[in-house]
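Colleague: This is the structure, below, for whatever I ask next.
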């Protein structure tokens, strides 16, 4: 089993959660073909909306792949993105900044946003557990999300 982070604006993540699917890299199939049934997918949203919405810098959803192959959906005759079906966990939006020092995939803590430029990438079990725990902690311990600090190398 592999754990993935998929970089997607919050508005697109919300659409995927409602439809129980994920897309990657603007609907291309390559990253989705590397995923397998049972793989975890964590969604990181650098922005609230695509393409120029306000910065968010938060993990916005988490779930597991529940199918065996990517499939094409028809949004219009000209738009037919590739997707994978996902069962999403109930979770809370979780800012990345408090987690950066503890994430293994962030090699350079000053330029922490670099990895997100690749869209989809794998992370180890430690990072999955750290993020999943932060996103699924009891709701009474959740305060309002805060966004501050460096852009992390992700363009504004």
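Colleague: Being at pLDDT 95 or above and more than 14 Å from the chain's Cα centre (by Cα) is true for just one of 29, 77, 70. Which residue is that?
Modeller: Sole residue among the options that is at pLDDT 95 or above and more than 14 Å from the chain's Cα centre (by Cα): 70.
Colleague: Can you name every residue in region 50-65 that is assigned to a loop (DSSP other than H, G, I, E, B) and surrounded by 14 or more Cβ atoms within 10 Å (Cβ to Cβ)?
Modeller: 50, 53
Colleague: Can you pull out the residues in region 74-97 that are surrounded by 14 or more Cβ atoms within 10 Å (Cβ to Cβ) and over 23 Å from residue 46 (Cβ atoms)?
Modeller: If the condition is that a residue be surrounded by 14 or more Cβ atoms within 10 Å (Cβ to Cβ) and over 23 Å from residue 46 (Cβ atoms), then 85 is the only one that fits.
Colleague: May I pose another question? Could you please let me know if residue 30 is free of Cβ contacts under 8 Å to residues at least 24 places away in the same chain, touching a helix residue (DSSP H, G or I) at 6+ places or on another chain (Cβ under 9 Å) and either under 21 Å from residue 136 (Cα atoms) or exposed (fewer than 14 other Cβ atoms within 10 Å of the Cβ) (or both)?
Modeller: Answer is no for this residue.
Colleague: Another one. For region 2-26, name all the residues that are over 11 Å from the mean Cα position of the chain (by Cα) and modelled with pLDDT under 95.
Modeller: If the condition is that a residue be over 11 Å from the mean Cα position of the chain (by Cα) and modelled with pLDDT under 95, then 25, 26 are the ones that fit.
Colleague: Moving on. Please find, within region 117-140, the residue that is surrounded by the most Cβ atoms within 10 Å (Cβ to Cβ) out of those that are at pLDDT below 95 and within 18 Å of residue 46 (Cα to Cα).
Modeller: Among residues in region 117-140 that are at pLDDT below 95 and within 18 Å of residue 46 (Cα to Cα), the one surrounded by the most Cβ atoms within 10 Å (Cβ to Cβ) is 119.
Colleague: Still on this structure, please answer the following. Hey, any hits in region 28-35 for a residue that's touching a strand residue (DSSP E or B) at 6+ places or on another chain (Cβ under 6 Å) and either on the phi > 0 side of the Ramachandran plot or assigned to a strand (DSSP E or B) (or both)?
Modeller: No, the conditions are met nowhere in region 28-35.
Colleague: Mind listing whichever residues of region 1-27 are farther than 22 Å from residue 126 by Cα, in contact with a helix residue (DSSP H, G or I) (Cβ under 6 Å, 6 or more places away or on another chain) and part of a strand (DSSP E or B)?
Modeller: 22, the sole residue that qualifies.
Colleague: Residue 68 versus (1) within 17 Å of residue 135 (Cα to Cα); (2) exposed (fewer than 15 other Cβ atoms within 10 Å of the Cβ); (3) out of contact with any helix residue (DSSP H, G or I) (no Cβ under 8 Å at 6 or more places or on another chain): which is the lone unmet condition?
Modeller: Just one mismatch for residue 68, condition (1).
The values are calculated or read from the model by the stated rules, or taken from the named source; none is laboratory data. Every value quoted in this text rests on a predicted model; they were computed, and no experiment measured them. Don't worry about glycine lacking a Cβ; one is built from the backbone with ideal geometry, like all the others, and counts go over all protein chains shown.
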